[in-house]
1. Do we find a residue being in a helix (DSSP H, G or I), touching a residue at least 40 places away in the same chain (Cβ under 8 Å) and within 28 Å of Ser223 (Cβ to Cβ) anywhere in the range 146-166?
2. Can you find a residue in the range 174-188 that is open to solvent by less than 50 Å² (accessible area, probe 1.4 Å), in contact (Cβ under 8 Å) with a residue 60 or more places away in the chain and away from the ligand (no atom under 13 Å from the Cβ)?
3. Kindly indicate whether Gly85 is part of a strand (DSSP E or B), within 11 Å of the ligand (Cβ to nearest atom) and surrounded by 15 or more Cβ atoms within 10 Å (Cβ to Cβ).
4. Considering Ser72, Ser53, which residue is farther than 30 Å from Gln158 by Cβ, open to solvent by 20 Å² or more (accessible area, probe 1.4 Å), modelled with pLDDT of 95 or more and polar (S, T, N, Q)?
5. Name the pairs: first residue in the range 83-95 and of a type in the set (Gly, Ala, Ser), second residue open to solvent by less than 10 Å² (accessible area, probe 1.4 Å) and more than 8 Å from the ligand (Cβ to nearest atom), Cβ to Cβ under 6 Å, at least 6 apart or on different chains?
6. Of the conditions (1) surrounded by 14 or more Cβ atoms within 10 Å (Cβ to Cβ); (2) touching a Ser or Thr at 6+ places or on another chain (Cβ under 9 Å), Arg213 fails just one. Which one is it?
7. Within the range 236-258, can you find the residues that are in contact (Cβ under 8 Å) with a residue 24 or more places away in the chain and open to solvent by 30 Å² or more (accessible area, probe 1.4 Å)?
Amino acid sequence: LFDEVKDTFVDIHEGTIVDCTLGYGGHSEALLEQNDSIRLIGIDRDDTALAFSAKRLERFRDRIDLKKGRFSEMIATIDSSDVRGVLADIGVSSLQLDHAGRGFGFEGEVLDMRMDQSASLSAKEVVNGYSQSELEHIFKEYGEVREYKKIAALIVQQRMKKSFESAKELATFCAAHLRRAKIHPATLVFQAIRIEVNGELAELEGLLDTLRRFRNCRVGIISFHSLEDRIVKNRFKEWSRNCICDANAFRCTCGNDHAMGKIITKKPIIATESEIRTNPRSRSAKLRVFDIG
Ligand SMILES: C[S@@+](CC[C@H](N)C(=O)[O-])C[C@H]1O[C@@H](n2cnc3c(N)ncnc32)[C@H](O)[C@@H]1O
């Protein structure tokens, strides 16, 4: 959604744009090029991504400030009065997915999946240490895995013989035991574990909570699965509501002027056919935009 992100922020000519998910700096670079009088704060919790982007954005060094940390925490430390745009392109980067040593992909040599490699919880602890009911819970809630009970039980049985050591081993195990579908059978199990390891839903909720305090700011959020998209959609709906009276109230007594701004994308923006052809991962990306007044 590269061009769509550029279009989202094209009218911002002053102040600061915050890129909450710097990654390898593609969006930040495009925004710094396009909006040549803005400043940019780039956040990521992955040291490798920050180092990569620091080099890539070196020529903009006078206009950027790169910060390491979780965006839910970092956003609260920023002076919002100057911020005119906030972008979050949540999920994993290709840099993380394609590196077998990080354990995000099915070929991963380790069982890790931490975006921040100094964080204490990794996929290894989740897969080998969580109780059967904890596994069921994350597979059901974060992966919407149909056979969540079955796969949780099988993992627990298997790890009593030998613990899981790599993402590859786990992916092969899932493929052998879960029903085949259009996607790799391990996709949703991996999604669930990754969300748990990185606290991804709480991160998104935390970011949205803080943005409530921002004014005069355009917010663009790209999500990659329905759980996140639902959170963004519902929050934007809530932000755009004038009336905050109880749904059962006989008549409105709140003043009917509580909207924080307006929804710009009635329907989410999705990737074009040609983008999906060149970047298949973009097929599940959804961009929603809100203008905080
Ligand atoms: C999909 S990539 C972003 C790609 C980026 N837009 C680009 O153009 O290269 C997501 C990045 O956000 C980071 N990330 C995800 N959740 C985060 C969080 N809660 N706090 C900080 N960084 C996060 C990941 O480490 C990853 O590098």
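The values are calculated or read from the model by the stated rules, or taken from the named source; none is laboratory data. Since the structure is predicted, the reported quantities are computational estimates derived from the model, not experimental observations. Backbone-built Cβ (ideal geometry, glycine too); neighbour counts: all protein chains shown. Each accessible area value is taken on the protein alone, full model and side chains, heavy atoms only, with ligands, DNA and RNA left out. Shrake-Rupley method; radii C 1.70, N 1.55, O 1.52, S 1.80 Å.
1. No: the range 146-166 contains no residue that is in a helix (DSSP H, G or I), touching a residue at least 40 places away in the same chain (Cβ under 8 Å) and within 28 Å of Ser223 (Cβ to Cβ).
2. The answer is yes; a qualifying residue exists.
3. Criteria not met by Gly85.
4. Being farther than 30 Å from Gln158 by Cβ, open to solvent by 20 Å² or more (accessible area, probe 1.4 Å), modelled with pLDDT of 95 or more and polar (S, T, N, Q) holds for just one of Ser72, Ser53, which is Ser72.
5. What qualifies is Gly85/Phe9; Gly85/Ile17; Ala88/Ile221.
6. (1)
7. If the condition is that a residue be in contact (Cβ under 8 Å) with a residue 24 or more places away in the chain and open to solvent by 30 Å² or more (accessible area, probe 1.4 Å), then Lys237, Ser240 are the ones that fit.
For (1) in contact with a Ser or Thr (Cβ under 7 Å, 6 or more places away or on another chain); (2) more than 12 Å from the ligand (Cβ to nearest atom); (3) touching a residue at least 60 places away in the same chain (Cβ under 8 Å); (4) open to solvent by 40 Å² or more (accessible area, probe 1.4 Å), each residue gets a yes or a no:
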{"site": "Phe2", "(1), (2), (3), (4)": "no, no, yes, yes"}
{"site": "His13", "(1), (2), (3), (4)": "yes, yes, no, yes"}
{"site": "Thr16", "(1), (2), (3), (4)": "no, yes, yes, no"}
{"site": "Asp19", "(1), (2), (3), (4)": "yes, no, yes, no"}
{"site": "Gly25", "(1), (2), (3), (4)": "yes, no, no, no"}
{"site": "Ser37", "(1), (2), (3), (4)": "no, yes, no, yes"}
